[in-house]
Amino acid sequence: MTFEEARDYLLQKARALGIEAEVLATYSRELTIQAHGGRVEEITQATQGGVGVRVVVAGKTGYAYTEERTPEALDWVLQEAHENALLQSETGGFLPSGGALGQHDLLGEGLSAPLEQKRQTALALEAGLRADPRVKQVQMTRYAERETQATLGSTQGVAGAFRNGYALLLTSAVMAEGQSLKQGYEFDLSKEFHALEPGRTAQAFLQNTGRLLGARPLKTGRYRAYLEPKAFGQLLGMMGWFLLSAKNVLEGKSLLADKLGQRVASEIFTLVDDPTLPDGLASRPFDAEGTAARRTVFIENGVLRTFAHNSETARRMGVENTGHASRSYKGVLGVAPSNLFVQPGQGVRLEEGIIVTDLMGLHAGANPISGEFSLQALGLRVEGGEVAYPVENFTVAGNFLTLLAHITALGTKLEWNPMMGIVGSPMVEVAELSFAGA
Amino acid sequence: MLAEALVGDVLQKARVGGADFAELYVERWRRRALRVLSGEVKEATSGLEYGAGLRLFYGTEVVYAYTNDLSPESLLELTDTLVRLKGSAGQVDERGRGGLDFRKATAQGLHAPEIPFTARDKRYRLERIREAEAGARVGPQIKQVQSDLMEWEQEVLVATSEGTWAEDRRVRTRLYVTAIAQDESGMQTGVVGPGLSVGLELFDRYPPAEVGRKAGLQALTNLRAKPAPAGTMPVVIGSGFGGVIFHEALGHLLETTSVAKKASVLSDKLGEKVASEVVTYIDDGTTPHGWGSQEFDDEGQATERTVLIENGVLKSYMVDRLGSLLTGYRPTGSGRRQDYTFAPTSRMRNTFIAPGSTPKEKLFEGIEYGLYAADMGGGQVRPGSGEYNFAVKEGYIIRHGRLEEPVRGAMLVGKGPESIQRIVAVSDDLEMGPGMCGSLSGSLPVEVGQPHLLISEIVVGGQA
């Protein structure tokens, strides 16, 4: 059975049983080429897909999914989803009604290139790193591409599909100078294979990791912080998004719950999500429920304007749906950003403090419910308006909302980071953060 | 799950295409998840995952493909694609001729559930979860309680061109309770999440009310806790999930995935003293019903108990098939993968620091000012530099050898090889705790464990 056949089979069965159902089918293709020691050490080629249903029975919602597309497996899915729905005591569930959303291709021929060229790209990146004698070990060098086709359909009339994808160049390596060792990573990501340049990525790695060699301990204290886009992007993708999710607001987990219309950040801070960006890596014509994509300003000059909604959270809070429904075929209805970014500012002038180049341990050291974080960081000491020397073995700690309120300047250049969703950020200067070290 | 003749055909076809070794991995999962928030079912979901991964070795070069179309046409075409990717199509190799004679091995049920999922209905689960919720409401400050119940059943077949045919069945259950406490000072959480390779008897081994109560008390402790101090100080790390620090700082550095590439700071150190002599470190895939236990690894090899470090001396790495080819070390049944979408690599199973002889109370004596990390969150390591970090979920200040006020938000950071030299005393109260470990071959259930132990100095990241 094809994915479309599976979708139609499920919708037909659901109608016959008198159940409201929404079917999301995703199919993806992936190619990964890993280079090591001047040769290709691993190639992975894959196709994967599945079908997930959300059903509503008398206002109760249930989910189930399958990767096996046989009538037996699909029947099991409907039956399980039905049973799961009956466990709910809440009866406000519904499926949004909609219409034909069309078929969209956001990827085009971006990934078309001979396999050999892709192998050479991975090999060239590794060679570019090895050309520098300070590179002691190249742990991993990878070219990866992925294209995804998502198909949505419901008994309430929603029907649409879109295709998207990306090509990625990624490396992780260790540099050494004297006794000093630093492991770093670098990546480049694009919807066009031909936009990737291994030489550029190698230079970026050597620059970004090489500058950390010879790091000294950092004295514990409070310092002005200059968060590079990679560092702030990760914090924002995890903490910021959690706080903006209307689902978390309704479940009593967001510190921003009662802050609509209030100042929650420095007045130079504007936070936007735009799924319609032509080159956006997370662009989409519609969300997981079929709501058309549009630009949303969450925080405008420091003032919280709206939370991120799907149809369910919007109805419960009595506000307009922002079109941020998310669901994978294995998952449940949530809210997720598309291309989330901080509006760049007037520029940052280095004075005194610490440039934080990267943060580690976010899954454990950042608690989005309390808003508090204490994270291992890498960075550079700034003295007298200049980078003085690299620092290591320290953490940076604070409260995310306090940090937002104390932003004093924003860089002019937006950089995109795929570590925690697709998040864009300029350099962010914060008046003061707590650093723990020697 | 697949006919023997088809498996044989796929493996033979790969050999004819010039591969030195071919491995077919097939699995079917049934997963159920229940998320209950403040007594109400928020989300209930069930899933069926089904797919195959084919891995070919050409010397130490690997090609891997996966799909969830398991028809004979699809699998044979997949094999062709892989052979083409390697650029060796059309080669006919003598080694590929002749039939494959599989040596069949089936799981003995060492970790089989006593109460299978089918023995109780969904209402039963909901009742037990509501006990956890009630248990967590230890004070009016507890505003929300979320309970997640996860049930996993996995059937696995691994067959290789060397005649391996291993079938395993793995059943795991985990209950994860998050209590959220709130007052005018803010919002804090407490999290307790027991999990084992068992069925619904998990509820008997860990009564839900007790699990909930612990989560609730932890949330209250964090609510009255002050921000952790910042600086370098002695730290006593609690038993059980406290072992996560050495999972990060030591365990990951002993996987051949990084050792073979000399990308670990502990490469080429067998027989050398790498830790303080009070440290014995073991990775055991055979612990009955352990969260990280299984009878076979994901390369079809029987799991074992591997002593990694004995009295400070490095005895063994954790070795998968590719790691063994690259290093010559004996495979240790450590090849694991999240599912068919990943090729296996060397991974941990149930890893712990063996009990020592110092009574727990003695660890605190003589500490003028330090931190007691009673319970831990997760962490992370960069094997190439050994730099690691991990978060303290529940912590207290030690002053003049005594436990004093609770502190929250502490993050411990350091370099693994230095920290293991600084373990000065290990107590005798070994406990284990379940976690999910993310690495190259995906996210896997593992146990970490240790007795209480004392590290002479470590950087504590808190508020300066």
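The values are calculated or read from the model by the stated rules, or taken from the named source; none is laboratory data. Fair warning: this is a prediction, and the values are worked out from it, not measured in the lab. Every residue, glycine among them, receives a Cβ derived from its backbone with ideal geometry; neighbour counts consider all protein chains shown.
Please give the number of the condition A:ALA388 fails out of (1) closer than 25 Å to A:ARG284 by Cα; (2) out of contact with any Gly (no Cβ under 8 Å at 6 or more places or on another chain); (3) away from chain B (no Cβ under 14 Å). (1) is the only condition that A:ALA388 fails. Suppose we keep only residues that are acidic (Asp, Glu) and more than 25 Å from B:THR67 (Cα to Cα) within the range A:47-105. Which one would you say is surrounded by the most Cβ atoms within 10 Å (Cβ to Cβ)? So, considering only residues that are acidic (Asp, Glu) and more than 25 Å from B:THR67 (Cα to Cα), the one surrounded by the most Cβ atoms within 10 Å (Cβ to Cβ) is A:GLU83. Here is the figure for the range B:292-313: residues that are within 24 Å of B:ILE420 (Cβ to Cβ) and surrounded by 19 or more Cβ atoms within 10 Å (Cβ to Cβ) total 4. Against the list (1) on the phi > 0 side of the Ramachandran plot; (2) in a strand (DSSP E or B), the condition A:GLY108 fails is (2). What about A:GLY334, is it within 11 Å of chain B (Cβ to nearest Cβ), under 30 Å from A:GLU22 (Cα atoms) and among the small types (Gly, Ala, Ser)? Here the answer is yes, as A:GLY334 does meet what is asked. Scan the range B:16-40 for residues that are surrounded by 22 or more Cβ atoms within 10 Å (Cβ to Cβ) and in contact with a helix residue (DSSP H, G or I) (Cβ under 7 Å, 6 or more places away or on another chain) and the total you get is 5. For the range B:410-457, give me the residue count where each residue is part of a strand (DSSP E or B), more than 13 Å from the chain's Cα centre (by Cα) and more than 10 Å from chain A (Cβ to nearest Cβ). Residues that pass the stated criteria total 12. Quick check on my filter: what residues within the range B:292-331 are of a type in the set (Ser, Thr, Tyr) and in contact with an Asp or Glu (Cβ under 6 Å, 6 or more places away or on another chain)? Matches in the range B:292-331: B:THR303, B:THR306. The residues listed here are A:GLN34, A:GLN79, A:GLN12; of these, the one that is out of contact with any Leu (no Cβ under 7 Å at 6 or more places or on another chain), under 19 Å from A:VAL158 (Cβ atoms) and more than 8 Å from every other protein chain (Cβ to nearest Cβ) is A:GLN12. Residues in the range B:387-409 that are assigned to a loop (DSSP other than H, G, I, E, B) and buried (at least 24 other Cβ atoms within 10 Å of the Cβ): B:GLY409 alone.
So, in the range B:136-173, exactly how many residues are small (Gly, Ala, Ser), surrounded by 22 or more Cβ atoms within 10 Å (Cβ to Cβ) and touching an Asp or Glu at 6+ places or on another chain (Cβ under 9 Å)?
4
Per this entry, B:TYR340 is not counted among residues that are away from every other protein chain (no Cβ under 14 Å), more than 25 Å from B:THR178 (Cα to Cα) and part of a loop (DSSP other than H, G, I, E, B).
Within the range B:243-291, how many residues are in a helix (DSSP H, G or I) and more than 14 Å from the chain's Cα centre (by Cα)?
7
Here the condition is being away from chain B (no Cβ under 14 Å), under 29 Å from B:GLU43 (Cα atoms) and modelled with pLDDT under 95; of A:ALA308, A:ALA282, A:ALA364, it holds for A:ALA282 alone. If you go through the range A:239-255 and keep only what is within 14 Å of another protein chain (Cβ to nearest Cβ), buried (at least 22 other Cβ atoms within 10 Å of the Cβ) and of a type outside the set (Gly, Ala, Ser), you end up with A:MET239, A:LEU243, A:LYS247, A:ASN248, A:VAL249, A:LYS253, A:LEU255.
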